[in-house]
Structures are given as structure tokens and as C-alpha cells.
Amino acid sequence: MTAATPVVTAVRLRVTGVVQGVGFRPFVHRLAARHSLGGWVRNAAGEVQIELEGAAQAIADFQSALRREAPPLARIEQVELEPLAPEGRTTFEIRSSTLDPARRQPVSPDVALCAACESELFDPQDRRYRYPFITCTDCGPRFTVIEAMPYDRERTSMRAFAQCPDCAREYRDPASRRYHSETNSCPRCGPRIWLEPNDRADEPIAAAAHLLRSGRIVAVRGLGGFHLACDATDESAVRLLRERKRREQKPFAIMVRSLEEARAQARITPAEAELLMSRERPIVLVRRAHDATVARAVAPGLDTVGVMLAYTPLHHLLLEEIGRPLVMTSGNASEEPIATANADAVRRLAGLADAFLLHDREITTRYDDSVLRVVREAPLFVRRARGYAPLPVDLPMSSPVPLVAVGAHLKNTFALVHGSRAWVSQHIGDLENLETLEHFQHTLADYKRLFRVRPDVAVRDCHPGYLSSRVAGELGCRRILLVQHHHAHIAAVLAEHGEPGPAVGIAFDGTGYGDDAQVWGGEFLVADLTECTRVGHVRYAPLPGGDAAARAPWRTARGYLSLEPWEAGALAPAFAAVDRQTLAVVDRQIATRLNAPLHSSMGRLFDAAAAILGVRAVAHYEGQAAMELEALAGDVAAPPLPFPARAAARGTWELDPLPLLVALGEAAGRGADRATLAAAFHESVAAGTADLAVRCAAERDLRTVALGGGCFQNTRLLEQVRRRLEQAGLRVLVPRRLSPNDGSISYGQAAVAAALLCQEAHP
Ligand code: ZN
Ligand code: ZN
Ligand code: FE
């Protein structure tokens, strides 16, 4: 035996994760060749299987490179290794797939056009020059074309397009970037675009750009549905879009072609730039630049603007043609889900768009743009959809039975659970109309089919009247579990961090049905995944008009005034614009407690403060007053005003906002700077909140605090609460993989239900 002869060994690797339809097998082939290894690779249901034979060191090197150099869209979850007897194999081959329909595997989200495809798109020598559907294994649609798994062309909407000989050659060539690219096509064989109507009968993109430049509105069919587009720099075009969409003030997102164009409109930090450029290409909420050219009407009253970079080849072509930013808002009438099919869009958007830029690649699932912002260098979800769903979010335990959590009433998502895996759906919408309910049902059916989950148990909110509660009863599950809204918020944060608890939970949001049937929303909890105790809350006040108060901050302020009527002078500015008769009606509602439930909502407290500071008495969308208050506060420094906690019933604490609201009203009456007062309000809430949380943690000897609920999308509030808690030596958990708002309720419900079912199974 000579020392130079390497030891020949053989192994079988089983790789799970997002490893199919992402160029994984050709990558393995190249890697094996580089390390002089024999064997084969193949797709099997739920995994990729690899057999390797060769020098032990080469196999070890192969394994470390497998993770390090994996293709951009691959997400390796696990690699299982099993030794084999060497057979003397020296060549490596790609074998055909084996199918086992019982296995589950993740589906890749859609991702933005890759750099290689982008340069081909604008290369006059390339055969896909200016082809709006250029893709490769590293980019393009996935989830929005899949009908069933495993991911093969015949189970996608690309089935309708047979590949031409040139495309087929690339598809079969392991050296090509388009080897087994199921969306592969070219101008000769692939989907087409056209404009309706097209009077100029010329190139559809040029014609659409011409309309946009002249102030018209064009509906553009994209990956997961339609956008309504208009020239973002044209004030009157943006106003026309608002009028037609009946969306008076809610901010629109804009789309630009490059980071440089984004920088012309907004102040962008390095972390924000990274997020904008990521292959998920989300909408990122960034600070508007002082010399921005986009119309004020894009985001009235706010200091932020939602920006995204072009993510499909069609976007690149359109933006190149028009040469300025476009408003790109979801193609729907107000409150309805986004339109996806051509005929449906032309019918529903007829009064909204002047023309339709259509294509004939069918969209299998509705998929809104994701929205994030950056806090302390880390992304925070506002809406999780395109680019992120349907990747699963793991639970810290394995559920003994499959389950479905139907989520919240507003900003709904659902979660489908098998074992420790939770498939959290993309953003569905507000479950308040038939169209959104159908969207929910279709998408749930898709997820059940794709991920092969047949839920036994349904989980829902405690509110008896919500549509979601009814839906939970109609899913054919043998059992239904109820989870309180704010427990779900905190459980979602604990579960995504794998934190068993108990911890102090601060759940601040607009509305959630409380255990006492009142409106909760400013809650201090002590919770783990199975149990939850309310240890404190914002002082109760009547909420005249109930849910309607979300659109009328002055009503909420009126409710607070009823607690301390002698403070009428301080709170008066909130009601300046309201007529006497309406005031009388609301006062009667409060006095008789008819349609005036009690609330402890932090979201509504922000509304009341905005009304008292004269920022906004009537809102066009929920959260508008609070967002404007945050914008007004900006980075202005201000010391906190008193927001005291006092002992309330049954050993709980109560934060009393009256002294704070009165102090703000009096200072505003003296003519104090409103930005400073808005800043002082934020600081006061942060200080009062942190002080109470520190006290609750000390009382129970806890070290961890979890922050959840839509109010924590306010970055100043989130940062100030977090900073103060950390200064007190506490560990602070904030949502990372899901949003703090009601979009994460389904996951929280799933976590609580899974933990309860585990406890039952192993008492
Ligand atoms: Zn590509
Ligand atoms: Zn072709
Ligand atoms: Fe909530």
C-alpha cells in the first residue's frame, strides 16, 4: 500500500428544502465533475438524492461546497448522509425523477429577474432581446404558475406553451442556465403581450408608455395579479387614479428601474438598499427625499414613500420606455382582492383603467407585493406575500395532528400546519366581502393540495361574529379551538424565535376581541404558548360607534373626554370641526353605552392624540391618523409627559392616558410646536409602556419581553420601547419572519393550538 493512494468511499445524500426547479441538479453535476466524483443525482418527491463515489477528501469538499455554492433560489434545509459500498463508478449522470405523491416539499416563491437574464433582455444580439417573459432557473415566476407538485411544466400554467427546438435544447442541456427551467420560452414559442385597446396598433409596450406619459391609467398584468399604473411624477394622473379607485389618501407604492432612480426619490440607508435589491424585490417604506419628483398625491401627509424596483422583464421594458417612476398599485376596486384573469380584470377594472396591458400566461394564485420597512438595520414586515410566501415558518414543536388556523378578520392570512411546519399564506385581505372570502377559500384549497395537508383541527379567533369564525366551522374539521387575538400576537413572536416562555407580552394594536367581550388593543400579558394572563392594559374608555371609530379619531377622543368631563377645554380641538348635532348623537351613544363598547386600544389612543393635536379628526383609512402623527414627530427630540400606571382590579395594572392627552391638549392650546408634541406623545407612550413592562417582569421574575401588534409598525415606538427595555436588562423579541400586525395572527393561533395539542398528547 502506498501513502499516495486515496481512500475510495461512497455515500448517498438526501437533500431537502427548496431544491427543485432551481437549477440544483446541474449544479450538483458541475460540482461532482469538479471533485472528480462518480455517481448520479435525481429529483425524488420531497428531496434530491445524490450518490457519490471517489476520494474521501473529495466527498467532504463536495459536501461543504454543496451548501456554500448552492444556486441562488435553492434553500437547503437538511442533508442526510448514508455510507454505501463503493462500486467503482467514475462517471456522473443526471437521472430522471422518481415520484412519490405522498411527500411534502416547499414551493419556491416568485423571484425577480436575475442579472444574467436582464443583460440578455437588453442585448440586441440575444434571441430573447426585449422578450417580456425571459427567465431561467435562477429567476422568474414559480408559485404563481404552479398548479400541483412536483414542479414540472405539465403541472404549471406554462403547459400551454410547447417549447420550440431552440428552447428544448437549452432545457435538456445540463450546461445551460435553462436546464430544466420549467418556465423556459422565447418569442417564438412563449406567452405574448398585447394592449387593449391599441389605436396606434404599434408595439404594445411603446403604446402603453405613450398613454402613461400622457397622464392615462394602464392596468398591467403582472406575476400575481394586475397593477394599476400611472406616471408617479404627474400630480393630476395620480389624483385621477385616486378618484377612480375611490382611494382618497391611502399611500400608493412607486416602481423604479434602479437603485439610483430610487435614490432620486428617497433617502435610502445601506440596509434599505440591500432589501430593495434583494431577489424578493419588496416594496420598502423609505424616507421621501426633499427634492423628490414624485407627486405629493402618492403618499399624502406622510414622510415615507413605498418604493420597489422593477422585478419582471415587462416592468424593465416599460420603465425603460417611459423613463420615470410609475405608481404601481394593486389592480382592484377599493377593498376587493387583486384581479388576476384577463376577462375578470377587463370587467372589474373597466372604469379604472384607460387601457390594459395583457398577457396569456395564466396566474394560478393571487400574490400581492410584499411591504417591509427597516428598523435597526433589520427588515420588518408590513405585508408578507410575493417573494416570501409560501415558504413555511417552523413551529418550535411538532403538532400531533394537522391543523388549519384561519387567522384574523383584517389583514388576513391562514396557516396550514403539518408536524412542525406552518405554511403561512400570502396576505389575503380583510374578510369583509364575498370576493375576499372566495380568495381565502381558493388559496386554502391550493395550499392543501400543494402541501398535501388535510387538517383535523381548525383554529379561530374568539370573536363570535367574524366571517373567519364561521369559515372555521365549515372546513369539515373534527374539532375547533379558539385563541384570543392578543395571545395569538404574542405567541407568534415567541414561536418564531423558538422561545417557550413564559414572557411578558406587549400587544399593541387597533382591535381584538377581549375575554370580557370588550375591545382590547393595549395589552400587557404574561404568556407562553399554552397560557396567557392579562396583567395590565390601557385604561378602558367608551368607543362610540365601535369599529366606525377607526375612521373618526375625534370620536375616540370624545370617549376619553367622557371619563374626565372637566377637561373639556384641553380636549376641545379634537371636536372643532364636528357639528353640534353629530356631537350630541355621539354623547348620547356614550351616555347610554349603546354601540359604545369599552376599549383599551393603543391604536385608538394614537388616533385620539392625533385628533387632540389637530393632526386629523377624520381618517380615510385605519391607521392614517397614527401614521401622520409618526410622520409629524419625525426625529424631533422631546422629553416624555406623564403616562402613569396604577393598580386596577384583580392584581392587574392600568395605564391612564388622560393626564397625557390633557397635557398635550393644553400645550397645543398654548401654541406649542406640534411636531414636538407628537414626538412627546411617542416618548410618553414608550416610557409608560416600558416602565410597566419592567414592573410586570420583575413581579414574576421574567427576563424576556415580546412585542407584537400592528402599532409596532411605528418604528419610533418600536425602537423607543425596545431601547428602554434593553436598558433595564431585559431581552426583547420582535417579529422577524412575519409582520407584527394581524398578518401573523394565523401563525400565532397555530402555535397555541399545536402547543395545546402536544400537552394533551403528553400530559
Ligand atoms: Zn434569470
Ligand atoms: Zn422557444
Ligand atoms: Fe391585532
Taking the chain and counting helices only, DSSP H stretches of n ≥ 4 at -39,500 (n - 2.57) each over all residues, the nearest-500 ellipticity at 222 nm comes to -9500 deg cm²/dmol
As straight-line cross-link partners of LYS245, the qualifying aspartates and glutamates (C-alpha separation under 16 Å, not fewer than 8 residues apart within one chain) are ASP231, GLU235, GLU335, GLU336, ASP354
Between ARG670 and SER562, the two model label points (7 Å from Cα along the beta-carbon direction) sit apart by a distance in nm of 3.1 nm
Heavy-atom accessible area of the stretch 632-763 with neighbours in place, 1.4 angstrom probe: carbon+sulfur share in percent works out to 52 percent
Given a 1.4 Å probe, the accessible area of the stretch 116-251 per residue, as a whole number of Å², is 41 Å²
Other residues with Cβ under 15 Å from the Cβ of THR582 give, with Lys and Arg +1 and Asp and Glu -1, a net charge of +3
For the stretch 193-372, the percent of accessible surface on carbon and sulfur atoms (probe 1.4 angstrom, ligands and nucleic acids excluded) is 48 percent
The set of cysteines in the chain having no other cysteine's C-beta under 4.7 Å reads CYS117, CYS136, CYS167, CYS186, CYS230, CYS462, CYS477, CYS532, CYS696, CYS711, CYS758
Counting only protein heavy atoms with a 1.4 Å probe and every protein chain in place, the carbon and sulfur fraction of the accessible surface of the stretch 445-588 in whole percent equals 49 percent
In whole Å, largest first, the alpha carbons of the chain cover along the principal axes 94, 71, 50
Protection proxy (average C-beta count within 10 Å per residue), highest first, orders 169-181, 139-151 as 139-151, 169-181
Per-residue accessible area, 1.4 Å probe, largest first, puts THR135, THR9 in the order THR9, THR135
Quick calc, GLU82 & ARG479: beta-carbon distance into FRET formula, R0 35 Å, rounding 0.05, result 0.35
Note: ARG213 to GLU531 extended length (0.36 nm per residue) minus current alpha-carbon separation gives 108.7 nm
The stretch 489-638 accessible area per residue, 1.4 Å probe, protein heavy atoms, integer Å², reads 34 Å²
Quick calc: nm separation of the 7 Å Cα→Cβ label points for ARG239 and GLN759 -> 5.8 nm
The alpha-carbon pair-distance distribution computed for the stretch 115-172, with 10 angstrom bins and whole-percent values, is 20, 49, 27, 3
Per principal axis, largest first, the Cα atoms of the stretch 628-763 extend in Å by 63, 33, 26
The chain: antiparallel bridges as % of DSSP beta bridges, rounded to 5, reads 75 percent
A chain fully extended from VAL618 to THR592 at 0.36 nm per residue, minus the present Cα-Cα distance, gains in nm 7.0 nm
Projected area averaged over all directions for the convex hull of the alpha carbon atoms of the stretch 263-311, nm², comes out at 3.3 nm²
The answer for the net charge of residues other than LEU738 whose Cβ lies under 9 angstrom from its Cβ, with Lys and Arg +1 and Asp and Glu -1, is +2
As a percent rounded to 5, the proportion of antiparallel DSSP bridges among beta bridges in the stretch 193-372 is 70 percent
Quick calc, ALA160 & GLU438: beta-carbon distance into FRET formula, R0 41 Å, rounding 0.05, result 0.95
Neighbours of GLU243 by Cβ distance under 15 Å: Lys/Arg at +1, Asp/Glu at -1, summed charge +4
For the chain, the longest principal axis of the Cα atoms and the Cα long axis of helix 674-699 enclose an angle in degrees, to the nearest 10, of 80 degrees
Between the Cα axis of helix 313-322 and the main Cα principal axis of the chain, the angle (0 to 90°, nearest 10) is 60 degrees
Counting only DSSP beta bridges with both partners in the stretch 507-735, the antiparallel fraction in percent, to the nearest 5, comes to 65 percent
Helix 624-633: inclination vs the chain longest Cα principal axis, degrees, rounded to 10, gives 90 degrees
For the chain, averaging the sequence separation of alpha carbon pairs under 8 Å that lie six or more residues apart and dividing by its residue count, the contact order in percent is 11 percent
Restricting to aspartates and glutamates and to Cα separations under 18 Å from LYS448, and discarding same-chain partners fewer than 8 apart, the set is ASP100, GLU147, ASP394, GLU438, ASP456, GLU474
Mean separation of Cα contacts under 8 Å (at least 6 apart) over the residue count of the stretch 629-760, i.e. the relative contact order in percent, is 23 percent
Here, ALA116 and SER64, labelled 7 Å along Cα→Cβ, have an inter-label distance in nm of 2.6 nm
Low-density loop GluC sites (Glu not before Pro), the stretch 49-141, at most 12 other Cβ within 10 Å, DSSP non-H/G/I/E/B, are GLU69, GLU87
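The values are calculated or read from the model by the stated rules, or taken from the named source; none is laboratory data. Just so we're clear, the structure is a prediction, and the values are computed from it rather than from any experiment. Glycine gets a Cβ as well: all are built from the backbone with ideal geometry, and neighbour counts include every protein chain shown. These area figures cover heavy atoms from the full protein model, side chains too; ligands, DNA and RNA do not enter into them. Shrake-Rupley method; radii C 1.70, N 1.55, O 1.52, S 1.80 Å.
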